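The values are calculated or read from the model by the stated rules, or taken from the named source; none is laboratory data. This one's a predicted model, so the numbers in the text were calculated from it and none came from an experiment. Cβ placement follows ideal geometry from the backbone for every residue including glycine, while neighbour counts extend to all protein chains displayed. Please note that ligands, DNA and RNA were not included when accessible areas were found on the heavy atoms of the full protein model with its side chains. Shrake-Rupley method; radii C 1.70, N 1.55, O 1.52, S 1.80 Å.
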Amino acid sequence: MHEITYPATLKNCTGCGICRDSCPLLRESGCTPDEMARQGVTLSEALSCSFCGACRSACPDGLWPGELFANKRSEAVSSGEFDVASFRYLFPDRPNNVMAMYRRQYGIEYADLAPGAASVTCFFPGCTLMSYSPVLTRAVFARLQDQTSCQAIWTGCCGKLLEQLGLQERLQHAQEQLISYAREHAITRIITACPGCYYDMKKLLQPVGIRVESVYENLAFKATDAAERVSCTVHDSCPDRFTGQWGHQVRAALQQRGYTLVEMPHSGSSTICCGSGGQLSHFRPDLVEELTALRRTEFTQTGAAWLVAYCLSCVLKYDSMLAGLPVTHALSLLLDLPADYTGAKERSCEMFQGPEGEQRWAAVMTD
């Protein structure tokens, strides 16, 4: 019998099947989490998990089958079963990665904002936002400077992607660097625009005395006449499904700005993963298509004018995969700013086309 090296908590799995209703991977397997643990998770199964947490949210006992797949990824990296080096273009701790190349290619930089300046409170936009939406990044930072004590910007990465790829040692090193940076710059408070960064950085930095807050609890959004606005529906971020903190703040801000809200069947704790989590698009694009198609159907049924997300990764996923879908970032609506991120994924792909694109790709893959 396969030796169970996975979370002992899954021994409490009753096999009720409720988690399968929330997850295409578990439905595909036809097994309960306990059965999967006993027979052993395959690498293919591990790479088919987005770590969205929907299974844990649905489980009456709060068990998290996703830990099975996270552990398998780490084991597969250590044993060499998973050639993670072929995905090094994604590693956020490498100077040559896709997002860094995108910023260089399109002249996106923040040197004029003096990153690293001394301030006990700093803005941590997150690597996706600062790479693909410099308009939002700069506008939010300017407003934070004006409305709060935040006077510095920290253009770092929380390292989540390293964890999802099973690179535990690199993740630990990256987290140690984050703590060192915060201490070196005497940072005691971080304000972030990314829900993923918020929850990961809070878990990392709160124990060392650093507060982590969202932009929505720090910025004041001017109230407007509801008659001037249209209806929208909110796509909730997977990291927020357990507390609903960001979803509540965003909805309150949108209503204050005069927008009418209409909810989709899957929202809050039951939100649908956009497919960005776990780098699912690289491993199981078919599952991503299934998830995004379901979201399009739910959005259409609401009759709303806008699909609003507060995670830019979600916005980019829907923008690139669901042609014609009116998707936007919450901050674009709240601050009346242009969506400079529209088409960003297409522009990212264009960087690597043609002879010059081949040279850029070679540079990205060079250590």
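Only residues that are at pLDDT 70 or above and either outside any loop (DSSP other than H, G, I, E, B) or not small (Gly, Ala, Ser) (or both) were counted across the stretch 1-26, and they come to 15. Here is the figure for the stretch 339-352: residues that are outside any helix (DSSP H, G or I), touching a Leu at 6+ places or on another chain (Cβ under 7 Å) and more than 26 Å from GLU217 (Cβ to Cβ) total 0.
Within the stretch 317-338, if we keep just the residues that are assigned to a loop (DSSP other than H, G, I, E, B) and in contact (Cβ under 8 Å) with a residue 12 or more places away in the chain, the residue that is surrounded by the fewest Cβ atoms within 10 Å (Cβ to Cβ) turns out to be PRO338.
Among the residues that make up the stretch 53-60, is at least one of them touching a strand residue (DSSP E or B) at 6+ places or on another chain (Cβ under 7 Å), crowded, with 22+ Cβ neighbours inside 10 Å and not small (Gly, Ala, Ser)? No, the stretch 53-60 contains no residue that is touching a strand residue (DSSP E or B) at 6+ places or on another chain (Cβ under 7 Å), crowded, with 22+ Cβ neighbours inside 10 Å and not small (Gly, Ala, Ser). Residue count for the stretch 341-360 satisfying the condition of being under 15 Å from LEU129 (Cα atoms) and either of a type in the set (Val, Ile, Thr) or open to solvent by less than 40 Å² (accessible area, probe 1.4 Å) (or both): 5.
Listed by first and then second residue, the pairs with beta-carbon distance under 7 Å, at least 6 apart or on different chains, first residue in the stretch 94-107 and farther than 16 Å from GLY357 by Cβ and touching a residue at least 40 places away in the same chain (Cβ under 8 Å), second among the basic types (Lys, Arg) and open to solvent by 20 Å² or more (accessible area, probe 1.4 Å), are ARG94/ARG88.
When ALA220 is tested against (1) touching a residue at least 60 places away in the same chain (Cβ under 8 Å); (2) closer than 25 Å to CYS158 by Cβ; (3) not polar (S, T, N, Q), just one condition goes unmet, and that condition is (2).
Can you confirm whether the stretch 27-48 contains a residue that is buried (at least 16 other Cβ atoms within 10 Å of the Cβ), under 22 Å from LEU312 (Cα atoms), touching a Gly at 6+ places or on another chain (Cβ under 8 Å) and at pLDDT below 95? No, there is no match, as no residue in the stretch 27-48 is buried (at least 16 other Cβ atoms within 10 Å of the Cβ), under 22 Å from LEU312 (Cα atoms), touching a Gly at 6+ places or on another chain (Cβ under 8 Å) and at pLDDT below 95. Residues of the stretch 268-299 that are under 16 Å from ALA54 (Cα atoms), free of Cβ contacts under 8 Å to residues at least 40 places away in the same chain and open to solvent by 60 Å² or more (accessible area, probe 1.4 Å): LEU294 alone. The single condition among (1) out of contact with any Cys (no Cβ under 7 Å at 6 or more places or on another chain); (2) closer than 27 Å to ALA220 by Cβ that LEU294 does not meet is (2). Within the stretch 235-258, the set of residues being over 15 Å from ARG56 (Cα atoms) and among the charged types (D, E, K, R) comprises ASP236, ARG251, ARG257. Among residues of the stretch 249-263 that are touching a residue at least 60 places away in the same chain (Cβ under 8 Å) and among the β-branched types (Val, Ile, Thr), those with a Cβ under 6 angstrom from a residue that is outside any helix (DSSP H, G or I) and open to solvent by less than 20 Å² (accessible area, probe 1.4 Å), sequence gap 6+ or separate chain, pair up as VAL250/TYR310.
I'd like to check which helices (runs of 4 or more DSSP H) are fully inside the stretch 64-154 and have at least 3 residues that are surrounded by fewer than 21 Cβ atoms within 10 Å (Cβ to Cβ). Give the derivation first.
Numbers: elements: 66-79, 98-105, 127-132, 134-147.
Once the helices (runs of 4 or more DSSP H) in the stretch 64-154 are filtered for at least 3 residues that are surrounded by fewer than 21 Cβ atoms within 10 Å (Cβ to Cβ), what remains is 66-79, 98-105, 134-147.
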